[in-house]
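The values are calculated or read from the model by the stated rules, or taken from the named source; none is laboratory data. Please read all numbers here as calculations on a predicted model, not as lab measurements. Note: ideal-geometry Cβ built from the backbone for every residue, glycine included; neighbour counts use all protein chains shown. Note: areas computed on protein heavy atoms with side chains; ligands, DNA, RNA excluded. Shrake-Rupley method; radii C 1.70, N 1.55, O 1.52, S 1.80 Å.
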Amino acid sequence: MNVIDNIKAQVEAACKQTVSCADILAVAARDSVVALGGPSWTVPLGRRDSTTASLSLANSDLPAPSFDVANLTANFAAKGLSVTDMVALSGGHTIGQSQCRFFRSRLYNETNIAVAFATSLKANCPRTTSSGNSSLAPLDTTTPNGFDNAYYSNLMSQKGLLHSDQVLINDGRTAGLVRTYSSASAQFNGDFAAAMVRMGNISPLTGAQGQIRLSCSRVN
Ligand code: HEM
């Protein structure tokens, strides 16, 4: 949020209350991917910001890391996104980190996880829920700071960090795409970019709807 606040301050100084936080986030997401070696795409602009903010509503709309392919598919379909969009967008986990609380159950209860991978993660993510909940591990253990298709080959060697990642290779509806993306990075890049545009177009506020926030972390 500090990065977004910083961008927002500079945009406001140049042009008062004109560019929404939603548009800034969409452009920053694209530029972050490009900076880390991933594809570029044109971001449709003109979104406005919500006049409300709700943690519980956001969480009830977002998929959970405990989801299987059926739940994930339904969750994406509810927003007009296809199975291909879902598998391509999951490749966003080629960068970034997760807290232990979201992958602990996978470490200690699942068998489709590479043994050495699980052992090294357990060092900072103990079985007991009384400690380590916020310890971080990279979502892509192979190239954590580069935007590439290693996320998919990780799944093929049982090195997905989240349950919702690893299930993609164990389900007939998604396994073929995982294998394709693991070997065809240009196809992954193209499908990811197209799916980012579709995800960014989910029910935008336009025209007289919503507001242009002055601070991205609160409504006006
Ligand atoms: C398929 C359903 C998805 C699930 C269940 C999911 C779940 C998660 C979880 C649990 C985390 C860790 C959050 C934390 O520890 O605080 C995470 C992080 C992340 N996710 Fe997802 N995610 C999904 C889809 C996506 C999509 C579509 C994208 C973008 C295209 C994405 C990009 C990221 C990134 C970049 C991070 C790292 C954030 C950071 O390091 O600060 N995820 N995701």
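What percentage of the solvent-accessible surface of the chain, computed with a 1.4 Å probe over protein heavy atoms, is contributed by carbon and sulfur atoms? It is 56 percent, rounded to a whole number. Counted over region 1-46 with a bin width of 5 Å, the fraction of Cα pairs per bin, in whole percents, is 5, 22, 28, 24, 17, 5, 1. Shape index of region 143-218: Rg/Rh, with Rg the Cα radius of gyration and Rh the Kirkwood radius from the inverse mean 1/r over Cα pairs, equals 1.14.
Ligands, DNA and RNA excluded, the heavy atoms of Lys79 present near 80 Å² of accessible surface to a 1.4 Å solvent probe. Rolling a 1.4 Å probe over the protein chains gives Val3 an accessible area of about 100 Å². Over every Cα atom in the chain, the radius of gyration and the widest Cα-Cα span, Dmax, amount to 18.5, 55 Å. Based on C-alpha pairs under 8 angstrom that are at least 6 apart in sequence, the chain has a relative contact order of 31 percent.
Counting only protein heavy atoms and a 1.4 Å probe, the chain has 51 square angstrom of accessible area per residue. Between the beta carbons of Gln97 and Ser215, assuming R0 = 25 Å, the FRET efficiency works out to 0.45 to the nearest 0.05.
For Arg104, the shell of other residues with beta-carbons less than 12 Å away shows a net charge of +3, using +1 for Lys and Arg and -1 for Asp and Glu. Applying 1/(1 + (r/R0)^6) with r as the Cβ-Cβ distance of Thr180 and Thr111 and R0 = 30 angstrom yields a FRET efficiency of 0.70.
Pairwise Cα distances in region 54-155 exceed 21 Å for 43 percent of all pairs. Once the Cα-Cα distance is subtracted from the 0.36 nm per residue extended length, the Leu36 to Ile202 segment shows a gain of 57.3 nm.
Rounded to whole Å, the principal axis extents of the Cα atoms in region 110-183 read 40, 26, 19, largest first. Reducing region 106-176 and region 15-29 to their Cα centroids gives an inter-centroid distance of 33 Å.
Length gained on full extension, Lys122 to Ala28, computed as 0.36 nm times the residue gap minus the Cα-Cα distance: 30.5 nm.
Taken along the Cα-to-beta-carbon direction at a fixed 7 Å, the label points for Asn6 and Ala70 span 4.6 nm.
If you build a Gaussian network model of the chain, linking Cα atoms that sit under 10 Å apart, which residue out of Arg47, Arg104, Arg127 swings the most? It is Arg127.
Here the relative contact order of region 1-68, from alpha carbon pairs under 8 Å that lie six or more residues apart, stands at 27 percent.
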